Amino acid sequence: MRDDQAVAQFVESAAATFAEWGFPRMAARVLLTLMASDEPALSAAELAERLEVSPPAISGAVRYLVQMGLLERRPVPGSRRDLYQIRDDAWYTSSATTGSVYKVLGDLADDGVRALDGSPASARVTEMRDFFRFVQVEIAGILDKWREHQKAK
C-alpha cells in the first residue's frame with residue numbers, strides 16, 4: 001500500500017542527492033514527483049501544489065527537463081494548459097543527449113592540446129581530451145547494450 005509520507009521523503013531525499021551531483025534542485029524535485037506519481041501526467045499547477053512552490057519555479061524546471069529529454073509536454077486540447085509526463089525512454093534519451101557533451105568537450109580539449117603545443121600543461125589537457133573521447137565511445141556502447149537488453153525483455 002502506498003505510503004504518501006514515505007513517498008514525499010523519497011522525492012526530497014533523491015532530489016537532494018541529484019542536486020548534490022549538480023542537477024538543478026527544483027528540476028530534480030519535479031522529475032521525482034512525476035516519477036512517483038500514480039497519474040501518468042501532471043499539470044504545472046498540480047506540480048506546484050504538490051511541491052508547495054510557485055508556478056514560475058515549475059516553469060523553469062519543466063523547461064530544463066524537456067530540454068534534457070526526460071519529460072514530454074502534452075497540450076490539453078481546448079485549453080492553454082499543458083501536462084507533463086516522464087518519457088518512456090527518458091533515461092536513454094537523456095543519456096544520449098548528454099553523451100554528445102563528451103564529444104564537444106573532447107573537441108575543445110583537442111583545441112587546447114594544439115594551442116599548448118607540447119608545453120607542460122599539454123599533458124593534462126591531452127589526458128582530458130582522451131578521457132572525454134573514451135567516455136563518448138563507452139556511453140554509445142552502453143546505450144546500444146541497453147537497447148538490446150530492452151528488446152530481449
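Every number in this text was worked out from the coordinates using simple rules, so none of it is lab data. Every value quoted in this text rests on a predicted model; they were computed, and no experiment measured them. So basically every Cβ, Gly included, is an ideal-geometry build from the backbone, and we count neighbours across all protein chains shown.
Considering only the Cα atoms of region 90-152, their convex hull presents on average a projected area of 4.1 nm².
Only one of [x] 17.8, 55; [y] 15.1, 43; [z] 19.7, 64 was calculated from the structure for Rg and Dmax of the Cα atoms in Å, and its label is [z].
Arranged from fewest to most other beta-carbon atoms within 10 Å of their beta carbon, 52, 46, 127 become 52, 127, 46.
If you take all other residues with their beta carbon under 12 Å from the beta carbon of residue 82, and give Lys and Arg +1 and Asp and Glu -1, the sum is +3.
Taking a sphere under 12 Å around the Cβ of residue 51 and counting the other residues whose Cβ falls inside, with K and R at +1 and D and E at -1, yields a net charge of -1.
Other residues within the sphere of radius under 13 Å centred on the Cβ of residue 31, judged by their own Cβ, net out at +3 (K and R +1, D and E -1). In a DSSP loop and with at most 15 other Cβ atoms within 10 Å, the chymotrypsin sites (Phe, Trp or Tyr not before Pro) in region 18-102 are 21.
Centre-to-centre separation between the Cα atoms of region 33-80 and those of region 1-24: 16 Å.
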